[in-house]
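See below for the structure under consideration.
The values are calculated or read from the model by the stated rules, or taken from the named source; none is laboratory data. What you see is a predicted model, and the numbers here were worked out from it, not measured in a lab. A quick note on method: Cβ atoms are made from the backbone with ideal geometry, for glycine too, and the neighbour counts reach across all protein chains shown. Quick note on the areas: whole protein, heavy atoms, side chains included, nothing else; ligands and nucleic acids left out. Shrake-Rupley method; radii C 1.70, N 1.55, O 1.52, S 1.80 Å.
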Amino acid sequence: MRWNDVWISAAGASLGRAETTETAVAEGHYQEKDRDGDGYLAVRVVDEGPAVELAVAAGKLAVERSGRRPEEFALVTHSHVGFQGLDDFASAAYVQQRTVGGSATATEVRQASNGGMAALELAAAYLSADPGRPAALLTTSDLFHPPSYDRWSTSGTLYGDGGTALVLSRGSGVARLLASVSVADTSHEGLQRGDEPWTGVSGGNGWPINTEARIAGYVRQHGEEVFVDLVRRIFEAERRTVEGALADAGVTAADIALWVFPNMGLSLTDWDARASIGVDPELTTWPWGQRTGHLGAGDQFAALAHVLESRRVRAGDLVLVNGAGSGFTFTSAVLEIQTEPEWTTSAE
């Protein structure tokens, strides 16, 4: 899908302190062999919640940076992977009330780690459908705390705590959204469930969520050879979104100044496969991601805040932003940087 008048007005983040993997290994929380294979140097840790307050903090910052008036916001979305602070409450409405208020539509957009990118594409369509909708606020937040999670034992990906936000608008912004493409392939949806039984309440199978046990259960059901098809399908879906977004934007991989991928560990990343579609590993946000960890649904928004705050990108640069979520869904978007804002640090 090519977009004609959709812009990113601002991005912001509210991230935790850095906790190094060296310390985690020394304290016995993380295996040294896993650290060597995954490539993480640190993750972000927030000591106290609730998670949703991180989205509020990031949202306030993004709204302030955007220069948009509260009454201009027609949509507020909130995306997350885990618990937000209470069972059974409207998290998007909570974010809206504490950021822009008003009568905008507030809704959660959840698709695991692709939730933020899914919200981006849906919000772009929402604004484009009606010229009377000037702006949208998109937020994410997650805390990967015990007992629900053991951030140091998550099958190749270390989780970081934080909230992120993006303001999407019509008319102008710091970056123009040129195109986006989403693809789903649910063939291996069961990987995230394994052979765990259904329960009637959250935590019914005990804490923490054991992703490694679920993967092992899936292998028991389908055999080790299932990974061959899984890897093939994941890369094919990623390739389709990347190449589709580039084509719709009318550019090529060689035109991209910076690539933003999810902050997944190196053991789950096939850089050779990405290179085959034109991705230059040296032109990615991994040096930042390996010091941040996987922020649930918010890697991409935080990465955009980081590269704009640090002047990693310049006016005229093209950026491809990619998301992936279990189940599995994939989204890629191409942005053109318009200005170099003088923002203080929020996502370092």
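Descriptive notes on the structure:
- Part-to-part distance (alpha-carbon centres) for region 68-137 and region 1-58, which is given in Å: 21
- Surface analysis of the chain yields an accessible area of 42 Å² per residue, using protein heavy atoms and a 1.4 Å probe.
- Per-residue ³J(HN,Hα) for region 305-315, Karplus 6.51 cos²θ - 1.76 cosθ + 1.60, θ = phi - 60°, Hz, x for Gly and Pro: 4, 4, 6, 6, 5, 8, 6, 6, 10, 10, 4
- Calculated [θ] (222 nm, deg cm²/dmol) that DSSP helices of n ≥ 4 give over the chain, each run adding -39,500 (n - 2.57): -9000 deg cm²/dmol
- Karplus-derived HN-Hα couplings along region 215-223 (A = 6.51, B = -1.76, C = 1.60, θ = phi - 60°), whole Hz, x at Gly and Pro: 4, 4, x, 5, 5, 4, 6, 10, x
- Restricting region 34-113 to GluC sites (Glu not before Pro) that sit in a DSSP loop and have at most 11 other Cβ atoms within 10 Å of their own Cβ leaves GLU48.
- Calculated P(r) tail over 25 Å for the chain, as whole % of Cα pairs: 50
- Fraction of beta bridges assigned by DSSP in region 1-125 that are antiparallel (%, nearest 5): 45
- Sorting LYS60, LYS33 on solvent-accessible area from highest to lowest, probe radius 1.4 Å, gives LYS33, LYS60.
- Accessible surface ranking that places the most exposed of ILE256, ILE215 first, with a 1.4 angstrom probe: ILE215, ILE256
- Region 278-336 - percent of accessible surface contributed by carbon and sulfur, probe 1.4 Å: 50
- Rounded tilt (10° steps) of 115-128 against the dominant C-alpha axis of the chain: 20
- Antiparallel beta bridges, as assigned by DSSP with both residues in the chain, represent about 70 percent of the total such bridges.
- The distance separating the Cα centre of region 282-348 from that of region 207-249 comes to 22 Å.
- Carbon and sulfur %, accessible surface of region 31-158 computed with the full protein complex present, 1.4 Å: 48
- Of the GluC sites (Glu not before Pro) in region 217-321, those whose Cβ has at most 14 other Cβ within 10 Å and which sit in DSSP loop: GLU224, GLU225
- Ranking THR339, THR269 by solvent-accessible area of protein heavy atoms (1.4 Å probe, all protein chains present), from largest to smallest, gives THR339, THR269.
- Once the Cβ-Cβ distance of THR20 and ASP229 is raised to the sixth power relative to R0 = 25 Å, the FRET efficiency obtained is 0.10.
- In sequence order, region 156-161 has phi-based couplings of x, 10, 9, 8, x, 9 Hz under the Karplus curve 6.51 cos²θ - 1.76 cosθ + 1.60, θ = phi - 60°, and Gly or Pro positions carry x.
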